[in-house]
Amino acid sequence: MSDREIVNRLIANDERMISEFFFVHCRGTLTYIGKYYFKERQFEPEELIGDFYEYLSADDWHKLKIFKFTCSLNSYITIIASRYFQRKHDRDDMTLDEGIRFNDGETLSADSSVFVMEDVNKIMKNMPPLDKFLLQRILIDGEKPGNILLEAKEFMEHEGTFNTAATNDKQFAGYVYTRYNRAKKNVMKQMEMLGYGK
């Protein structure tokens, strides 16, 4: 498959291609780059890859849409990933689980966090069951995604939604990380609409 075909399928949000490209094809490269910049922190490969997937897919895959194919897709991804992980290392990224901030930059107090969680729960109430499950176990309960894979598989089988196109454990882990990152991004957008994090 050509680089252009891969890019087109990624931009079309083809879940099989996303899982194959990020968590199989680019796994070694992204893991190496991520761990190079975060030597002092213990990240699972899927966690690094999931973060980069979230970054690259932002703004409807803008960074892939502007790719001119003047070099190989692998080279392009390597350059973008190196810049991303270096910037990520050099600054504190604001994420929901690291503390939501008001406009004045102050972190919410423990008392205020009760109201934040009420808003988060209202948003999650209308999300698909699997997204709610992943957000609850990872974002709220603080579990590492890699530690709940079996639990996630059992949940999906019980819900009758086990249709991931994953053919092995690595691809399934990739699906879980991808699905979680999408759900978290959705929550973040809706929280921003409520006035958080601006």
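Structure notes:
- For segment 1-95, the carbon plus sulfur part of the accessible surface works out to 47%, probe radius 1.4 Å.
- Rounded to the nearest 10 Å², the accessible area of residue 5 at probe 1.4 Å: 90
- A straight Cα-to-Cα reach below 22 Å connects residue 184 with the lysines 63, 88, 122, 125, 132, 144, 153, 170, 198, residues fewer than 8 places away in its own chain not being considered.
- Using R0 = 30 Å, the C-beta based FRET efficiency linking residue 194 and residue 2 works out to 0.10.
- Surface exposure of segment 41-87, expressed per residue as accessible area with a 1.4 Å probe, stands at 50 Å².
- Stretched out straight at 0.36 nm per residue, the stretch from residue 119 to residue 159 would grow longer than its current Cα-Cα span by 11.8 nm.
- In this rough spin-label picture, where each label sits 7 Å from Cα along the Cβ direction, the residue 13-residue 25 distance is 2.0 nm.
- Averaging Cα coordinates gives a centre for segment 119-188 and one for segment 14-48; these two points are 18 Å apart.
- The simple spin-label model puts a point 7 Å past each Cα toward its Cβ; for residue 32 and residue 126 those points are separated by 4.5 nm.
- Efficiency of FRET between residue 41 and residue 79 - r from beta-carbon atoms, R0 30 angstrom, step 0.05: 0.85
The values are calculated or read from the model by the stated rules, or taken from the named source; none is laboratory data. This one's a predicted model, so the numbers in the text were calculated from it and none came from an experiment. We place every Cβ from the backbone using ideal geometry, glycine too, and count neighbours over all the protein chains shown. In case anyone asks, the SASA skips ligands and DNA or RNA and just uses the protein heavy atoms, side chains included. Shrake-Rupley method; radii C 1.70, N 1.55, O 1.52, S 1.80 Å.
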